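The values are calculated or read from the model by the stated rules, or taken from the named source; none is laboratory data. Please read these numbers as outputs of a predicted model, since none were measured by experiment. For neighbour counting, all protein chains shown are included, and Cβ atoms are generated from backbone atoms with ideal geometry for every residue, glycine included.
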Amino acid sequence: MVLKEISSKQFRDMVRVATHRMSKNAEFVNSLNVFPVPDGDTGTNMNLTIESGAKAVAENNSQNVGDLTESLAKGMLMGARGNSGVITSQLFRGFYKATQGMKTLNAQELSDAFSNGVVTAYKAVMKPVEGTILTVARVAALEGANKVNETDDIEEVMKAIVEGARKALKTTPDLLPVLKQVGVVDSGGQGLLFIYEGFLEGLLGENFADKYQPSSEEMDEMLKAEHHKGTISQLSTKDIVNGYCTEIMVDLQADLPDKKPFDLEEFRKHLSKLGDSLLAVSDGEVAKVHVHTEHPGDVFQYGSQFGQLGKIKIDNMRIQHETIVNDDEEKQEAVEFAVIAVCSGNGIRKLFESEGVNRIISGGQTMNPSTADIVDAIKKSGAKQAILLPNNGNIVMAARQAAEVSDIPVGIVPTKTISQGLTAMLAFDPEASVDENVEAMTEELGSVVSGEVTRANRDTNIDDVEIHKDDYLGIVDGKIKVADVDLVDASVEMIKKMLDEDSEIVTIMYGRDSNEAQAEEIQAKLEEEFEDLEFEIHDGGQPVYNFLVSVE
């Protein structure tokens, strides 16, 4: 039977199943990240982005597909995190623009919507790179356009789109040498393929979506949301051992191959080894889990052995805690001109504030704020104009997207590191315009070299640097330059690679997993060889990075 149109009910199914498929595979997408370091987590960011869109669709009772695509696009726009999430939101922004006002979609209209999404996404990226999610989206849309010239069967067109995405994904290592070097396909492209596959499954009715869909009130009651907030507000952020509040539902009645028999006590016993604050309940049909863990993927993998995973939620409690503490300790007053910086760590926060930043968004590596988070910070500033310092390459696009929807003039200084952000503030002039400040502050970025030290989370080889799991990595302006088993030695060698004959000042910010004594040892070793260098050492308190270093 030929399917000639997509109804609102079918489109809801497509979105629901795509969201489910993305959430189920988020950890796999994360594993495809090229650098062997904790980064923006592509899978997590894409998952949270589409979940935000799906929630908006679920709250819209319209029977018109065009109204639902609008909700999807707006929800994804505000929920977008990381570059992959922002690009995905732009794909569906273009999808909505091509379908607005339509009650149903036929094959041609569906194909046109995917094609328009590609046009919108490419325009949103300042320097489009092939071998990424953009390539996968473009080839998928092209295959759909070719197929619609042969048939008006929507199922066949959607199958062509999925097959096009699958084919394009396989070519990404040939287009981006670093992917081939590491032996992975593009993570954003893989995430998009999961979304498109979910669309197809939802359209065909061959989905594995949850049979049981509890209300948000039931979930809130079960997980004791107020308990979480009260618990984390009593801690120092650095004392949070298991940083991800993880929630899943398992459909125990789902018909899956190799499904294991479910025993609640054994289930609880195993989960208790994966974290703390465990809550696991079951009525025999559905199991619901809440646990604080450092490795949400382990929880997902274990739960999926007993049935189909349902609603999945991950909250980074470290960013939540810093937000709570910051809101409680310091009520920031409205200002004429707001400078807003993204950072994590109380020491880093204080450094920015000492240079004139008047509002902080807690976040950074592994915890990218969403477009909505940034828009909220702009609104709360009460300012008439604002400057944003993303301080992370994976946050720049979300910052630009927030600026576009803001009610006041907002300028973006494209800072990719904390060091760049601090240096940019030297050129800030509260009497100048937004554009004048962006130009002056951006010019300052070339005067600083940024270094970051963190630990490798897997073995690999990048740019002729052999890396083993748990090595300390020295990253200079985004490129891994050093790998060493010793933290101090790795840091010293990294800083040496940052120096040139004009270098004068080295600033070392130590994080939660390092200390002042180690920073002083680094300084002492460098002073033996470089007598004229000046050093500054600060307690940054940042997660992920043992040391953040700037050389000026």
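If I ask for residues that are in a helix (DSSP H, G or I), surrounded by 14 or more Cβ atoms within 10 Å (Cβ to Cβ) and out of contact with any Phe, Trp or Tyr (no Cβ under 7 Å at 6 or more places or on another chain), which ones from the range 272-300 would you list?
Of everything in the range 272-300, those that are in a helix (DSSP H, G or I), surrounded by 14 or more Cβ atoms within 10 Å (Cβ to Cβ) and out of contact with any Phe, Trp or Tyr (no Cβ under 7 Å at 6 or more places or on another chain) turn out to be G297, D298, V299, F300.
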Looking at S89 and the list (1) assigned to a helix (DSSP H, G or I); (2) free of Cβ contacts under 8 Å to residues at least 24 places away in the same chain; (3) farther than 19 Å from K313 by Cβ, which single condition is not satisfied?
(2)
Taking into account only those residues within the range 109-139 that are of a type in the set (G, A, S) and within 20 Å of K4 (Cα to Cα), which is surrounded by the most Cβ atoms within 10 Å (Cβ to Cβ)?
S111
Do you know which residues across the range 335-364 are crowded, with 23+ Cβ neighbours inside 10 Å, assigned to a loop (DSSP other than H, G, I, E, B) and among the polar types (S, T, N, Q)?
S344
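What are the residues in the range 530-552 that are outside any strand (DSSP E or B) and touching a helix residue (DSSP H, G or I) at 6+ places or on another chain (Cβ under 8 Å), if any?
Applying the first criterion (outside any strand (DSSP E or B)) to the range 530-552 yields 530-533, 540-546, 552.
Those that are outside any strand (DSSP E or B) and touching a helix residue (DSSP H, G or I) at 6+ places or on another chain (Cβ under 8 Å): L533, G540, G541, Q542, P543, N546, E552.
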Give the range 498-518 a look and list any residue that's surrounded by 15 or more Cβ atoms within 10 Å (Cβ to Cβ), under 30 Å from the mean Cα position of the chain (by Cα), of a type outside the set (D, E) and not in a strand (DSSP E or B), or say none.
M498, G511, R512, S514
Given (1) assigned to a helix (DSSP H, G or I); (2) among the aromatic types (F, W, Y); (3) over 21 Å from I248 (Cα atoms), number of the condition F35 does not satisfy:
(1)
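Yes or no, residue by residue, for (1) touching a helix residue (DSSP H, G or I) at 6+ places or on another chain (Cβ under 6 Å); (2) among the small types (G, A, S); (3) part of a helix (DSSP H, G or I); (4) within 30 Å of I467 (Cβ to Cβ):
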{"site": "K103", "(1), (2), (3), (4)": "no, no, no, no"}
{"site": "D112", "(1), (2), (3), (4)": "yes, no, yes, no"}
{"site": "E130", "(1), (2), (3), (4)": "yes, no, no, yes"}
{"site": "T135", "(1), (2), (3), (4)": "yes, no, yes, yes"}
{"site": "A141", "(1), (2), (3), (4)": "yes, yes, yes, no"}
{"site": "K159", "(1), (2), (3), (4)": "no, no, yes, no"}
{"site": "P173", "(1), (2), (3), (4)": "yes, no, yes, yes"}
{"site": "V184", "(1), (2), (3), (4)": "no, no, no, yes"}
Do the conditions hold for A140, that is, is it modelled with pLDDT of 95 or more, under 24 Å from Q10 (Cβ atoms) and of a type outside the set (S, T, N, Q)?
yes
With respect to N106, determine if the residue is buried (at least 19 other Cβ atoms within 10 Å of the Cβ) and in the same structural domain as G188 (by TED's automatic domain parsing).
no
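Table: residues versus (1) of a type outside the set (A, V, I, L, M, F, W, C); (2) over 30 Å from A483 (Cα atoms); (3) surrounded by 20 or more Cβ atoms within 10 Å (Cβ to Cβ).
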position: K55; (1), (2), (3): yes, yes, no
position: L72; (1), (2), (3): no, yes, yes
position: G75; (1), (2), (3): yes, yes, yes
position: M78; (1), (2), (3): no, yes, yes
position: R81; (1), (2), (3): yes, no, yes
position: L91; (1), (2), (3): no, yes, yes
position: G94; (1), (2), (3): yes, yes, yes
position: T99; (1), (2), (3): yes, yes, yes
Quick check on the range 362-374: of everything there that is of a type outside the set (G, A, S) and within 21 Å of N546 (Cα to Cα), which residue is modelled with the lowest pLDDT?
T366
Total residues in the range 298-347, condition at pLDDT 80 or above and either over 22 Å from S272 (Cβ atoms) or small (G, A, S) (or both)
16
Expected output for the range 393-420 (first residue within 20 Å of G345 (Cβ to Cβ), partner of a type in the set (D, E, K, R) and assigned to a loop (DSSP other than H, G, I, E, B), Cβ below 6 Å, 6+ apart or cross-chain) is G393/K416
Among (1) within 25 Å of V29 (Cβ to Cβ); (2) touching a helix residue (DSSP H, G or I) at 6+ places or on another chain (Cβ under 7 Å); (3) of a type outside the set (S, T, N, Q); (4) at pLDDT below 90, where does P177 come up short?
(2)
Scanning for something within 24 Å of G345 (Cβ to Cβ), part of a strand (DSSP E or B) and basic (K, R), does the range 469-491 turn up at least one residue?
yes
Does the range 372-385 contain any residue that is on the phi > 0 side of the Ramachandran plot, touching a Ser or Thr at 6+ places or on another chain (Cβ under 6 Å) and assigned to a loop (DSSP other than H, G, I, E, B)?
no
Against the conditions (1) surrounded by fewer than 19 Cβ atoms within 10 Å (Cβ to Cβ); (2) at pLDDT 95 or above, where does L3 fall short? Just the number, please.
(2)
